[in-house]
Each structure stands twice: as structure tokens, then as C-alpha cells.
Amino acid sequence: MTGRGRRAVAAIVTNGAAALCGFGGAWLAGFRLPWSILAAVICGTIGWFLGAWLGARLSRWLQEHAYARSGRAYYRLTELPPGELHAGGKARSLAAMVQDGLPVPDGVVLLPAAFDGDALTTEAGQWLADELARLGRDRRFAVRSSALTEDSAADSFAGAYESVLEVPDDQVPAALAAVRASGRADRVAAYAAARGAEDVGEVAVVVQLMVPAERAGVLFTVDPLTRELDTMLGNTVTGLGEALVSGAATATEFRLHRPDGALTGPDELRPIGATLHNVAHRVETVFGGVPQDIEWAIAEGKVWVLQARPITTLSAFTPRTAEYNDSLAGNCLWSATNLSEANPVPQTPLTISMMRHQQAHGGPSMAIRGREMAGYIGGRPYANLSVQITARRGRNAKVTPREVYRKMSGWWGELPSQVPVTLVPMTQADWQDSGLWLLGSLVKLARYRRQLDGYLARNPDECRRLSGLVESAGTSSELRTLWHAELLPASIRSFWMTIALSSDGPAQLEAALRERYDAQLVSALFGNLSGLAGRLESLGPSLGLAEVRAGRLTREQYLERFGHRGVNEIELAWPRPAEDPDWVETQLAAPAGMALDDLAARRAEAYRQALESLPARERRGVDRKLRRAARQAAAREAARSEGVRITGVTRRFALRAGELLGLGEEVFFLTIEELLECLDGAPVDRELLAERRDAHQRLLALPQLPAVIYGAFDPFAWASDPQRRSDYWVFGGDERTSNRAEDSEDPSVVHGFAGAVGRVEGVVRRLDDFAQADQLRPGEILVTPLTNIGWTPLFPRAAAIVTDLGAPLSHAAIVARELGIPAVVGCADATARLATGDRVLVDGAAGTVRLLSPAT
């Protein structure tokens, strides 16, 4: 049964269950109006969800039983198992499309095991003869290669291997031999060497019915030049497509708009333009939304798909160095505004691969058409806001994408007008397929939110238990078993909890209050969130040190509570404070800054006065909303803190693996999949690890990347431009070489977002990273690229905080409000325009920093 058939079965089960339960509800209500209608709706809805669950399970069962047994030497495309790697890239691609019900010519694949040299074995030859008779003795065939890495995301090997077309059935064996022999051609070896492909493997061969094409062509589901997601770009010729691919014929270009399929091109394509669009969209769906390079043909009015491969120039992953650049996979809007604070430097391959590994094994995913919201550029995490905006906007929304973004600006900051906001193209079928899955994710997130208190109570002890199990693992096999049995499930639970408690509710409330009340008053109201909620984890390390100084907390107790937090806490290779016996003493030796003993009382009094200044009829409502926002903020930070604690356990796992494998800290340059394979006995490629270490060092040498990126971005080309723009970058835009200071009417003013209100004049201390922390003196203005919870102990020394990155919900803004010091966040180029010794005026309410006099 094809994928289309399985979906039809699932739909029948879903709708049948809904109808049956709806009828049952009306029957239980005695068919009395209006109660029978209400009962039918409620029971029908419950039945729909139950039917959808049953239909999905039935569909999976049917799919699993549609494949042939693995390990054979030959298969029909309709039955080829997806895990049969020896079938090669082309055969697996064709089989996936056939099995989904796409119009692909019928055929078979002969694996390397079916050959003795370039000739078929006797058994395979007899099987092929029977299959050719089934397909039709009087038909012509296409005989094509299917090598191991052919038509992959990294390497297409287009034109490297032989293809033989218009082959009569009696000449198929000779064509097979020719295709097999082409695997030893110099051009294949040269291509492999140029692409760094080490093992191209033996050649499998596909035999398909030949399509007598009246017209053929190539269609890219994403324009490979502009990279715009809403445009398919194609070329077409009359007759066979071989003339187009070889360059023997001049092609006609055309475009198809997504998702409506509108054609811009020759009139001859208009009868099949919509069909071609729909087929190409479905092909992309089969391959998880990865943009495809499709060869197609038309015969007797029907569109046929002859081949599909990923568009290699839009590939986001480089396997050799394990580097991701998700901006290359089509133009989307990316933001690191609220992510970089927890990820201040490029991450190692093990850290980067961990999130994707968790998502592949049941972790939270908000992907739309295969595009995850979370991605990486230059080793740093970025959020795909095109995915988030598309999901929030929905199918029939009348609001513009930019209007949707404005509702998210508390989380991501204001968006420059020069930056486009694009959507992921979604058809009605896409929304139907995604709706249930997204709804299921929302239900699961709600369930995790209800489990927060128990999770917070249990997690510290659970982490101690798991850490003990890691240390006691005596063999690689034991450690690998522990990962699958306990560590991975624990990390996935933590991931779900962290996502479930993420909320921009406080930022939305603050924005709403700022529209009604004075900024200073709103800042006083929001400066007491920890008092309303009980505690904010972001203040914990700083308040904890004050407790140690006062003798109310021992050093051991401090490290137990806060020793897992720090400046690079998401990175697995980063040592935790709890691992450093001198860490607490070093912090205590630094200047303390403002007194924190009476901070809670001061913030509570400021809150009381601010609340009483409101009109009497509004106080209770504002107080209620603020308490809810405080609970949301506290829950978000508590869940994140315990999530970081689990990350520390994962670090222990990696270090133990490094010990058992003899790799030491080189283990962080493996991906998690590679690490698990090594624990299972696979050899370690130390040359590969050295290459990755060097690649990581190159990423570490880059300056802080722009907070906002639209489209394909090359971090190294951007960094080499002396006129580079540091706040945003637009693919193909003229703004990429302008200086942000030129945007301001007054070049002496640095602009950012209002983080915490207040005005203060002082001397700048610019710290480019946390290693310079001891240079900050009490009363100085801290100017830095970003801050996170590891910087919290410095805040009491600072008279004001200024950051390049950040938004109203960023760490610097939250902590500065609680401490009552001004903050301007998300300036983009404050560290580029301000230097230590400059005298400045910081206006937190206006979001500005004015240079009064430069350092002498």
C-alpha cells in the first residue's frame, strides 16, 4: 500500500471514529435537543482524537509490513526497505517516492550483491528476466546507476556515472555491465576526491520503464539562486530531458509560485503547471521538506517524476567538520537575540548534535515541513522565526507576518524595517498533516507544565543518582546501555520541561503596561518579580554569594545549589564551577559592589509605592497580572536551571566516554551518533577529530555574529568585511555594508532596547568576555557583547549594563530590573563604538547610551 493509501485509511478511521462517537453521544442524550447536539459535538471531538491516534498507529503498521525482508540482492522499488543502504542514493529516493504514491516509473534495483564483477549472478539474472516480463517485453527501459553516496545532500555525482536509455529488454544485461563499469571511471574518482568523499562504495543499478517524454525538464523546489522559499525554478525542453541535462538543447525557464502554484513561463506548461507544482511539493514532503532538484517528464498528459535529489548548494551540513549553517537551506528569518546569552561562543560538535539527537528520539520539535525552529549558524544557535511566525499566523490568518512578529518582539526584540519577514509555504494538506501533530505537542507541553513542582523537587537527587551511575560504568558497553536506558530519557524530559515553561507572557504584559503608564513606574512594578514569585534563579548566584559572605550558606551548599550554572552552561565541553575547588573563593575575593542584604525589602517597597500610584480601580487587576507574570518568569527560570543540571550529567557522560575510549576531551569533537558508535566498537578517526578541532578554533576566532540574519549567511565572508554591519544581515541586501552609526541622527548616541529604566552617568568598562571580569570596578558602566547567569555576580558592581545582544526578556534586563540599575540591551554595536574610559550617559527608559567624552 502506498503512502497515499495509508493516509486514506487513517482518514477513514479518524472520521469513522468521530462519527460513531458523535452518534453515540447523541444516543446517550436521548436525541433530545439541544443536549443531543452538545453531546454529539463533545463525543465526536473525543472520537476524532481517538480515531486519529488509532489511524496513525494503523498507518505505521501498514508501512512497516509493506517492505520486503532486508538483506536481499534485488528488490522491486515498491518494496525496498528504507534502511537498505547498499541500494544507493538514487534507488532509495525513487523507492521512497513510489511507496508514497507519487507518479514514478515502475522498476527494480539490483544491489552490488546481485553481481559477479559486472555481470549478474545466475539467480539475479533469472529474477530480473521475470521482472522484465512483468513490466512488459515490448517496453523500453532506463538503466541507471545508484551508488552509495549518489544523490545525497552533500554530493550529487550528477553525470559522473553512466546512464543508458531506450534499452530493449534483451540488451538490459549489457547496459547493466556498462553502468557498473562506469563506477571505476576516472571522472568518478576525480569527483569523489574533489568533494572529499572517501568511500563511494560499489554501484547498485536501477532498471525502470522508459517514459516516452513529449516534454521534460528540471525543477528546483526552492530557487537555488535567490533561495526564496516561495519560488520553484524550472527549465523545460521538448522531448527527453537528457538533452537538457547534457546541454544539447536550449531550455525555456519558468517559475511556480508557492503555495498556490501560479505559473510564470511558457503557455505550453499551463495545462500541467498546477499539477507539476503539486507533485513537486509532495516530493519535497516525502523528503522531510528538504529542497529538491527534480527531473520530470510529461507523457500523454501525465506528469512523471524521473529522479529527485537534494539541492546540494542548499545543504546546511558539512559532515567532515560536523558544521551546520542552517541559513543556507533557503531564505528564512533567523534570530539569536535571546539565545546567545546562554551560548556566548560557538559550540562543539557534540553539543550541537545533542539537541537534534534528542528531537529525533522524542524530544520537543516545532518543525513545519521539516524545518525546525532551532538551528545553527557559525556554531551558534539561532531560532528560525519564519517557522514560528508561520505556525502562529496559521492557515487563514488575515494578519501580516510582520504583525505576528510584533507580538513576539518582547522575546526577540524589535525588528529593523529593512529585514524581510517570510513564511514557510504551506498548502492546505500541509496544515492538515501538521495540525494534529502540533496539537499533540501543545497537549504534551501542558502536561509537563503541570508536573513542574514534582520535577523541581526530584531532579537534583536524580542528577546525583545518574552521575553516580556514569562514574561506575566500567566498560564502553555499560556506558552505552546507560545512555539509552536512563540518560537520554532524562535529558529528553528535561528538554520538554524547559520548552514547556518558556513564556513571553511577562514581556507582553510589560509592553501593554508601558502603553498606559510611565516607564519608571512600570520598571518599579517589574523590578519585584522575585518578591512576588518567591525567587528568580537568575539572581541566585549573586544572592547566594551574599549569603556565603554573611555566613548563612556554606561553600558546599552554594555549589550544590548553583555550581551547575555559569557563563557557558549549555556547552558540554565547558567545566562547571562545581568542578573548580577555588571557584567560590575567587568570587568572594572580588569587590562586592552594592549591598544585597536588604534588596528584597527595597524592591518590595518600590513595588508597593508604584502600585499605590495607580488609579484605585486598576490596582487589583494590575497586581493580579503581575503576580501571574512573576510565576511564569520564576517557573521558566527554575525549569531552565534544572535543565542545565541535567546538561551537567550529560557532560559527565561525555567525559567518562572520553576516558574509556582514550580520547580525553577530544570526545567533544564527535557527534553524539559517532560517540555512541565508538562506544559500540567503531574505530576513532583521530585525523577527523583534529580537523574538527581546527574548524572549531576558526569559529571561535570570529566576532559576535549579527543578532538577526535573513537568508544565506557566510560568517567568514562577513567577518572579513571591514564595513560589516553587526546588528542584522540580509542576503542580497545593500544594508550589509553600512555602518549602524550612520543610521542615527546623532552618531554619538548608541541605540538599543529599554532593559531597565533609570539614568546614570559614568565611566565605561568594556569587557569582551567573562575572563576579564576582575577588571570591573564598583560604579563603572559595564559594556559587553552579552551577559548570562554566569555574569550575575558582577552586576552589583555595575552602575549600569549595556549589551550588544538582548531583548526585554534577556538576562541582563531581568537582573538589572531586580537590582534597580539601568540597562540598555540589544545595541548591536555598543562594544564597537564604546571603549573603556569613555564617559557616557545611560538612559534605560529611552534605550540609549550617549557618549559624553571619549577616553583620554
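The values are calculated or read from the model by the stated rules, or taken from the named source; none is laboratory data. None of the values given here were measured: they were computed from a predicted structure. Reconstructed Cβ throughout: ideal geometry from the backbone, glycine too, with neighbour counts over all protein chains shown. Surface accessibility is based on the protein's heavy atoms, side chains included, excluding ligands, DNA and RNA. Shrake-Rupley method; radii C 1.70, N 1.55, O 1.52, S 1.80 Å.
Going highest first, how would you order 753-762, 23-32 by mean Cβ packing within 10 Å?
753-762, 23-32
Near the amide H of residue 845, under 5 Å away, which other amide H atoms are found, from residues 5 or more places off or on another chain, if H is placed in the peptide plane?
Long-range HN contacts for residue 845: 758.
Any chance you could look up the accessible area of residue 448 with a 1.4 Å probe, heavy atoms only, rounded to 10 Å²?
30
What length, rounded to one decimal in nm, is gained on full extension from residue 65 through to residue 608, with 0.36 nm per residue of separation minus their alpha-carbon distance?
188.8 nm
Starting from the amide H of residue 299, placed 1.01 Å from N in the peptide plane, find each other amide H under 5 Å away whose residue is 5 or more places distant or on another chain.
Distant-sequence amide H within range of residue 299: 214, 304.
Quick one: pull the percentage of alpha-carbon pairs in the stretch 1-148 with a separation above 25 Å.
48
Before rounding to the nearest 500, sum -39500 (n - 2.57) across all DSSP H runs of length at least 4 in the chain and divide by the residue total; then give [θ] at 222 nm in deg cm²/dmol.
Here the helix-only value at 222 nm equals -14000 deg cm²/dmol.
Between residue 121 and residue 54, how many nm apart are label points set 7 Å from Cα along the C-beta direction?
4.5
For the chain, what is the relative contact order in percent, using Cα pairs closer than 8 Å and at least 6 residues apart in sequence?
10
Note down the accessible area of residue 705, probe 1.4 Å, to the nearest 10 Å².
Taking all protein chains as shown, residue 705 has close to 0 Å².
In straight Cα distance, which lysines are under 30 Å from residue 90, not counting same-chain residues fewer than 8 positions off?
302
Viscosity 1.002 mPa s, temperature 20 °C: what is the translational diffusion coefficient of the stretch 437-538 from Stokes-Einstein with a Kirkwood Rh over Cα pairs, rounded to a whole number of µm²/s?
D = 125 µm²/s.
Under Stokes-Einstein, with the Kirkwood radius over Cα pairs standing in for Rh, what whole-number D in µm²/s applies to the chain at 10 °C and 1.306 mPa s?
53
By DSSP, what percent of the beta bridges with both residues in the chain are antiparallel, rounded to the nearest 5?
Taking every DSSP beta bridge with both residues in the chain, the antiparallel ones total about 85 percent.
Return the sequence-ordered ³J(HN,Hα) values of the stretch 523-532 in whole Hz as given by the Karplus equation 6.51 cos²θ - 1.76 cosθ + 1.60 applied to θ = phi - 60°, using x for Gly and Pro.
So the Karplus estimates, Gly and Pro as x, are 5, 5, 5, 7, x, 10, 4, 5, x, 6 Hz.
Alpha carbon centre of the stretch 565-598 versus the stretch 1-71: separation in Å?
55
Kindly express, to the nearest 10 degrees and within the range 0 to 90, the angle between helix 270-286's C-alpha long axis and the longest C-alpha principal axis of the chain.
So the inclination is approximately 60 degrees.
Choose one of 610, 599, 622: the residue whose Cα lies farthest towards the positive end of the charge dipole of the stretch 575-649 (beta-carbon charges +1 Lys, Arg; -1 Asp, Glu; about the Cα centre).
Positive-end residue among those listed: 622.
With an 8 Å Cα cut-off and a minimum separation of 6 or more residues, compute the relative contact order for the stretch 343-484 in percent.
Relative CO of the stretch 343-484 lands at 17 percent.
Using a 1.4 angstrom probe and counting only protein chains, how large is the accessible area of residue 86 in Å², to 10?
Roll a 1.4 Å probe over it and residue 86 shows about 120 Å².
Roughly what would the spin-label model give for residue 32 and residue 264, points 7 Å off Cα along C-beta, in nm?
6.4
Could you tell me the distance between the Cα centroids of the stretch 818-833 and the stretch 306-351, to the nearest Å?
Each part reduced to its Cα centre gives a spacing of 29 Å.
Using only Cα atoms and rounding to the nearest 10 degrees, what angle (0 to 90) does helix 616-661 make with the longest principal axis of the chain?
That helix lies at roughly 60 degrees to the long axis.
Using θ = phi - 60° and the Karplus form 6.51 cos²θ - 1.76 cosθ + 1.60, what ³J(HN,Hα) does each residue of the stretch 384-397 get, whole Hz, x for Gly and Pro?
7, 6, 4, 5, 5, 5, 4, 5, 6, 6, x, 6, 10, 5
Heavy atoms only, probe 1.4 Å: what % of the accessible area of the chain goes to carbon and sulfur, would you let me know?
54
For the stretch 218-324, evaluate the Debye formula with one uniform point scatterer on each Cα (no solvent term) and list log10 I(q)/I(0) at q = 0.14, 0.23 Å⁻¹, rounded to two decimals.
-0.54, -1.35
What are the lysines whose alpha-carbon lies under 26 Å from the alpha-carbon of residue 407, with same-chain residues fewer than 8 places away excluded?
Straight-distance partners of residue 407: 398, 444, 625.
Figure the gain on full extension for residue 250 and residue 550 (residue separation times 0.36 nm, minus the Cα-Cα span) and round it to one decimal in nm.
99.8 nm
Which FRET efficiency, nearest 0.05, do residue 721 and residue 691 yield, Cβ-Cβ r, R0 22 Å?
The formula returns an efficiency of 0.25 here.
Can you give me the angle between helix 349-360 and the longest principal axis of the chain, using Cα atoms only, in degrees from 0 to 90, rounded to the nearest 10?
Roughly 70 degrees between the two axes.
Determine the sum of side-chain charges near residue 844: Lys and Arg each +1, Asp and Glu each -1, restricted to other residues whose C-beta is under 10 angstrom from that of residue 844.
Surrounding charge for residue 844 is +1.
How would 617, 656 line up by accessible area, probe 1.4 Å, largest first?
Most to least solvent-accessible, the answer reads 617, 656.
In Å and whole numbers, how far do the C-alpha atoms of the stretch 365-466 stretch along each principal axis, longest first?
If we take the Cα atoms of the stretch 365-466, the spans are 50, 33, 25 Å.
Heavy atoms only, 1.4 Å probe, whole protein assembly: order 42, 801 by accessible area, highest first.
42, 801
How far apart, in nanometres, would the label points at residue 446 and residue 317 be if each is projected 7 angstrom from Cα along the Cα-to-Cβ direction?
Using points 7 Å along Cα→Cβ, the separation is 3.4 nm.
Counting only heavy atoms of protein chains, what accessible area per residue, in Å², does the chain have with a probe of 1.4 Å?
For the chain, the per-residue accessible area is 43 Å².
Please work out the Cα center distance from the stretch 402-476 to the stretch 667-734, rounded to the nearest Å.
The stretch 402-476 and the stretch 667-734 have Cα centres separated by 24 Å.
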